[in-house]
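J.: Have a look at this one.
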Amino acid sequence: MELSQGEIEAIQHEMSLYEDSGAATIEALKVVQEHRGWVSDEAMAAAAKVVGVTPTQMEAVATFYNLIFRQPVGRHVIMLCDSISCYLTGYEEARDHLKSSLGIDFGGTTEDGRFTLLPICCLGNCDRGPAMRVGEDYHGDLTPERIDAILTEYK
Ligand code: FES
C-alpha cells in the first residue's frame, strides 16, 4: 500500500520539525488517521517507511497512544471519561444513557457508522463532569437530556 502524496508531504513536514525524524512517529500516525479515519496495518507500515523506522517501532507507538485507532471507527468518536471526578458526578448514568441510546457497548460502532463509543481517562474537564469528547469537541455537565441534544449536532 502507498500513502497519498498529501499524506507523504504532511509526514515529511512533521519530520522537518524534529532533529531526529524518528521523533515524528506519532505525528505520522496522526496524519494517516486524519486522512483515513483510522490506521490499518498496511498504512502504518507505509508511514513507517516514510519516517524511516520499522513497522514494529511504529506499532509500539500506536499501541501506547490510545487516540490512534487501529480499526475502523464511526464518523464521530465519542470518548466518555471514566476517571474519578466524572465517576463521582454521574458517569454511570451518562454511560448507561449513551450505550442504550446508541445501542452499542464500549468499543462498538453504530450500525449507520455515525458513532463509535470509547472510554477514556481524564479529559481535563473535571470541573464539568461527567464529561465526554466527540471528535475534537469537549462536552461537560452531561445529563441524559443534554447527551440527547449533543448527539443531534453530529450527523
Ligand atoms: S475526571 Fe473526567 S474529565 Fe477529569
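What follows draws every value from the coordinates through simple rules; no lab data is involved. Being a predicted model, the structure only gives us computed values, none of them experimental. Here the Cβ is made from the backbone with ideal geometry for all residues, glycine too, and neighbour counts use every protein chain on show.
J.: Go ahead and run the numbers for FRET between I150 and C122, Cβ-Cβ distance against an R0 of 22 Å, rounding to 0.05.
T.: About 0.70, to the nearest 0.05.
J.: In segment 114-155, what chymotrypsin sites (Phe, Trp or Tyr not before Pro) fall in a loop by DSSP, with at most 14 other Cβ atoms inside 10 Å?
T.: Y154
J.: By count of other Cβ within 10 Å, fewest leading, how are T116, T54, T109, T152 ordered?
T.: Fewest-to-most ranking of T116, T54, T109, T152: T152, T54, T109, T116.
J.: Moving on to the next point. Looking at segment 8-80, which GluC sites (Glu not before Pro) are DSSP coil and have at most 14 other C-beta atoms within 10 Å of their C-beta?
T.: Of the GluC sites (Glu not before Pro), the ones in loops of segment 8-80 whose Cβ has at most 14 other Cβ atoms within 10 Å are E19.
J.: So which lysines can K155 reach, going by Cα to Cα under 25 Å and dropping same-chain residues fewer than 8 places off?
T.: K30, K99
J.: While we're looking at this one, here's another question. State the answer as a single residue: which of C81, G124, L151 lies farthest towards the positive end of the charge dipole of segment 76-151, with beta carbon charges of +1 for Lys and Arg and -1 for Asp and Glu, about the Cα centre.
T.: In segment 76-151, that residue is G124.
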